[in-house]
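Data first, discussion second: the structure below is written as structure tokens.
Quick note: the coordinates plus some simple rules give every number you see, no bench work behind them. As the structure is a computational prediction, the values presented were derived from the model and not from experiment. Cβ placement follows ideal geometry from the backbone for every residue including glycine, while neighbour counts extend to all protein chains displayed.
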Amino acid sequence: MLGHLWRVPDLRGRLLVTLAALVLFRLGQNLPLPGIDAAALDRAADLAGEPGPWRGLAELLTGGGVPRLSVFAFGVLPALAATLLMTVAGLLVPRLMALAQAGPEGHARLAHGGRCLAVLLSAGAGAALTYRMLPGAGLLHRVAVVAALAAGTALVLLLAGWIRDRGFGEGLSVLLLAQLAAVFPGQVRDAAREAGGGSAYAVVPLVVVAALVAMTVAVLVVRQAVRRVPVQAAPRLVGRAPLGAGQSDHLPIRGGQGGYGMMVPASLLLAPAAPGSGWYAAACAGYVLLVVGHALLRAGTDLDAVEAADALKRSGRFVPGIRPGAQTAEYLMYLQKRIGFAAALLMGVVALIPVGVVWLLGGQGAGAPFGVTALLVVASVAAGTALPAVRQMDTRLAQHMYAPLFR
């Protein structure tokens, strides 16, 4: 596919814009701020204390920029936090709810507010960071560092906009995947070293890669899985001849769109627990129950069976062998429950994969370089970034190939 994209000037330009944005992003995450000396960087490296899952997760979410006090020290984390806060506020604040329903203009204003909030969050986090890492610095130096960190977040948002508008994929997701790909291999290497070195340098990466591939594939399968319920249109009589008989369609029923969303926050229950303890077993049980329960709840809200049955009845369509109306609604709910239950069970199995990997690598105690949450973050971002980007590439390539037929 990349070869075909490269031969098309417009698509080649999009690829180059995406690659340029990634290079600038990683450069900014490795470029220390002016006026930061080596001693400050050493204090930054010791900020999280002993290596452990919390420190590994912090490095993943910031691309390793915080220990370096780099220009893009926080990576895409402020933007992700601002997006989450704006989403929650949109459900609670009437003014934001009205903007969300105001069409493109309202969405643009919400997006602008989210960008401003991300810069403010970066400035607040930068003030706390300089207070901890630069205790002997003057007020002017601290203000300059905070301003540089806030400006760095604004530049990250600009790069994400470049990728979204002129490249391939969703900007923030692509940048997040880039920083994960830059940090996670080092954490795997550290895990192999702590496992004893030697053959562990080959075994540990294989175990981690196999787990990530299995998790990503399972999530993609569940997200793409759909039950196509056949639907036919009732024939209409025009004179003596039936009109519309035999026209068929399908009604898609999905059951696994939200199963992965709860894994990352639920996995935080495991971070403070010691492997083998009663609390760890209870935390694992609660973690899996949260994932499965959330998947079941989301499966029940993906399709309103009663409304779908009424819509079919009003349009003169029906499911073959099922009476229109209440029986169709019961049939759709039956299918939805079965699909949702199967997807929830699969999500429960996926949730246990990183637990098994961490256990194989020696537990999730203070010496573990990464934990369950880190593995879930990597798999989640990989699944959520690769699929939309590949779809966008396929769509634009198909448009270019078939465009001469419509001229």
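Label sites at residue 91 and residue 359, each approximated as a point 7 angstrom past Cα along Cα to Cβ, lie 3.2 nm apart. Counted by neighbouring Cβ atoms within 10 Å, the residues 267, 173 run from fewest to most as 173, 267. Selection among 141, 20, 130 by position relative to the dipole of the stretch 1-188 gives 20 as farthest towards the positive end (Cβ unit charges, Cα centre).
Net charge near residue 165: determine it from the other residues with C-beta under 15 Å of the C-beta of residue 165, scoring Lys and Arg +1 and Asp and Glu -1.
Details: positive: 14, 115, 164, 166, 396; negative: 10, 170.
With Lys, Arg at +1 and Asp, Glu at -1, the neighbours total +3.
Between residue 317 and 234, the built amide H atoms are under 5 Å apart, and every one of these is 5 or more places off in sequence or on another chain. Listing 263, 97, 215, 333 from fewest to most neighbouring C-beta atoms within 10 Å gives 97, 333, 215, 263.
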